[in-house]
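Enquirer: Quick one: structure below, then a few questions.
The values are calculated or read from the model by the stated rules, or taken from the named source; none is laboratory data. The model shown is predicted, which means the values in this text are computed figures rather than measured ones. When we count neighbours, we look across all protein chains shown, and the Cβ atoms used for this are built from the backbone with ideal geometry, even at glycine. What goes into the accessible areas is simple: the full protein's heavy atoms, side chains included, and nothing from ligands, DNA or RNA. Shrake-Rupley method; radii C 1.70, N 1.55, O 1.52, S 1.80 Å.
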Amino acid sequence: MPADARSANRVTNYNKFWEQKSANDNETHRANRLDQYTEVVNGYYDGATELYEYGWADSFHFCRFYKGEGFLQALARHEHYLASMMQLRPGMRVLDVGCGVGGPAREISRFSDATVIGLNNNDFQIGRATNKTAKAGLSDKVSFVKGDFMKLSEQFGENSFDAVYAIEATCHAPNFEGIYGEIFKVLKPGGVFGVYEWCMTDEWDPTNPKHKEIAHGIEVGDGIPEMRNLTAARNALKTVGFEIEHEEDLADRGDAVPWYYPLEGDIWKAQTVWDMFTCWRTSKMGIFVTQNAVWALEKVGFVPKGTHSVGASLVVAANALVAGGRTKLFTPMALWISRKPAN
């Protein structure tokens with residue numbers, strides 16, 4: 001997909017949706033982000049997609065780690081775990097809500113042999129997902145469509161999918177009830193919904209300035225209009241009609257290797273030799289090299305204007321995510337397996 005699939009104006013305007021300091025970010029700013037969530041998310045991913053691919057490969061999500069486990073191996077295992085918990089199998093028609101560049105869709109289709117349709121509202125990512133899937137020889141099993149995840153039933157019709165999953169994507173929605181309600185509609189009776197959700201934990205206090213600063217950093221650095229807590233997600237699932245079959249915060253397993261370690265920038269924490277480069281990218285030197293390279297690419301027009309600024313936001317995000325992980329105020333892997341009643 002050519003670079004002109006991205007909007008330079010959206011990228012440039014992205015950071016204008018937030019006040020730089022969390023204390024100055026108020027209800028008016030929040031309401032504006034929620035009202036224009038598609039512009040917020042598209043502006044973010046127009047600028048951040050290639051940076052994500054550079055730092056995180058094709059699967060834009062976090063995962064648990066075992067000692068000695070390679071980064072890419074752990075990402076794939078996280079996707080397999082979700083597919084296994086959902087009991088995906090051959091012949092099922094599955095929707096991936098917020099599919100990125102299609103890494104999880106391809107991996108889950110290989111693992112389960114299900115047919116996966118990836119939904120995305122970003123043209124640049126859809127183009128990259130389609131091309132990568134063709135190169136992988138999976139175009140007969142995995143496809144991608146453009147759409148608004150708050151209007152799924154308009155696009156696909158009700159009772160259209162055997163299963164739906166979302167991996168760290170529905171946090172971009174203006175509210176949980178709206179997105180979960182649309183997922184409920186497009187599922188066939190008896191269909192299953194699996195989600196890895198980004199949430200503030202129930203220990204998070206939005207009136208605490210330090211807590212608010214962490215949430216604000218995650219929002220501005222990751223294109224999220226508003227961070228919400230575990231209770232909000234759980235209640236929304238029940239409100240729209242889902243029956244929750246399994247609930248667990250995988251970040252609370254007490255793993256020896258924390259989910260956020262690749263963001264800490266410490267090469268000595270790498271679990272494999274190759275992953276030392278993954279950790280170096282988030283070190284002070286790695287950030288310096290990357291940001292200066294992006295600045296140069298932006299100056300000569302190889303990436304949209306504003307990409308360097310979005311890259312700076314990713315640095316803010318990394319710091320906030322690590323802080324949220326260390327204090328257990330944030331989780332990127334609140335897992336819910338829910339079912340639409342058969343009758």
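Enquirer: Please identify the pairs in which a residue from the stretch 96-109 that is closer than 15 Å to Q73 by Cβ has its Cβ atom under 6 Å from the Cβ atom of a residue that is at pLDDT 95 or above, counting only partners at least 6 apart or on another chain.
Expert: Close Cβ pairs (under 6 Å, with a partner that is at pLDDT 95 or above) amount to P104/E79; P104/I167; E107/A76; E107/E79.
Enquirer: Mind listing just one residue for me: the one in the stretch 70-103 that is assigned to a loop (DSSP other than H, G, I, E, B) and under 26 Å from P262 (Cα atoms) and, of those, most open to solvent (accessible area, probe 1.4 Å)?
Expert: If we take residues in the stretch 70-103 being assigned to a loop (DSSP other than H, G, I, E, B) and under 26 Å from P262 (Cα atoms), then G98 is most open to solvent (accessible area, probe 1.4 Å).
Enquirer: Between residues in the stretch 321-343 that are open to solvent by 10 Å² or more (accessible area, probe 1.4 Å) and residues that are part of a helix (DSSP H, G or I) and hydroxyl-bearing (S, T, Y), which pairs lie under 7 Å by C-beta distance while being six or more apart or on different chains?
Expert: Sorted first by the residue in the stretch 321-343, then by its partner, the list stays empty.
Enquirer: Is one or more of the residues making up the stretch 118-132 buried (at least 17 other Cβ atoms within 10 Å of the Cβ), closer than 15 Å to R93 by Cα, at pLDDT 95 or above and not polar (S, T, N, Q)?
Expert: So far as the stretch 118-132 goes, yes, one or more of its residues are buried (at least 17 other Cβ atoms within 10 Å of the Cβ), closer than 15 Å to R93 by Cα, at pLDDT 95 or above and not polar (S, T, N, Q).
Enquirer: Going through I108, I126 one at a time, which residue ends up being more than 19 Å from P189 (Cα to Cα), touching a Leu at 6+ places or on another chain (Cβ under 9 Å) and β-branched (V, I, T)? Talk me through it step by step, then tell me what you get.
Expert: Working: I126 fails: touching a Leu at 6+ places or on another chain (Cβ under 9 Å).
On inspection, the qualifying residue turns out to be I108.
Enquirer: Of the numbered conditions (1) open to solvent by 20 Å² or more (accessible area, probe 1.4 Å); (2) in contact with a helix residue (DSSP H, G or I) (Cβ under 7 Å, 6 or more places away or on another chain), P262 satisfies every one except a single condition; which is it?
Expert: Only one criterion is unmet by P262, namely (1).
Enquirer: Looking at this structure, is G301 under 24 Å from G223 (Cβ atoms), open to solvent by 40 Å² or more (accessible area, probe 1.4 Å), assigned to a loop (DSSP other than H, G, I, E, B) and in contact with a helix residue (DSSP H, G or I) (Cβ under 9 Å, 6 or more places away or on another chain)?
Expert: Here the answer is yes, as G301 does meet what is asked.
Enquirer: Of the conditions (1) part of a helix (DSSP H, G or I); (2) open to solvent by 50 Å² or more (accessible area, probe 1.4 Å), E245 clears all except one; give me its number.
Expert: Of everything listed in (1) part of a helix (DSSP H, G or I); (2) open to solvent by 50 Å² or more (accessible area, probe 1.4 Å), E245 misses just condition (1).
Enquirer: Out of F111, F144, I need the residue that is in contact with a helix residue (DSSP H, G or I) (Cβ under 7 Å, 6 or more places away or on another chain), part of a helix (DSSP H, G or I), modelled with pLDDT of 95 or more and open to solvent by 20 Å² or more (accessible area, probe 1.4 Å). Which one?
Expert: After applying the criteria, what remains is F111.
Enquirer: Would you please name the residue that is modelled with the highest pLDDT, looking only at residues in the stretch 30-48 that are open to solvent by less than 10 Å² (accessible area, probe 1.4 Å) and more than 18 Å from G147 (Cα to Cα)?
Expert: Per the criteria, the residue is R33.
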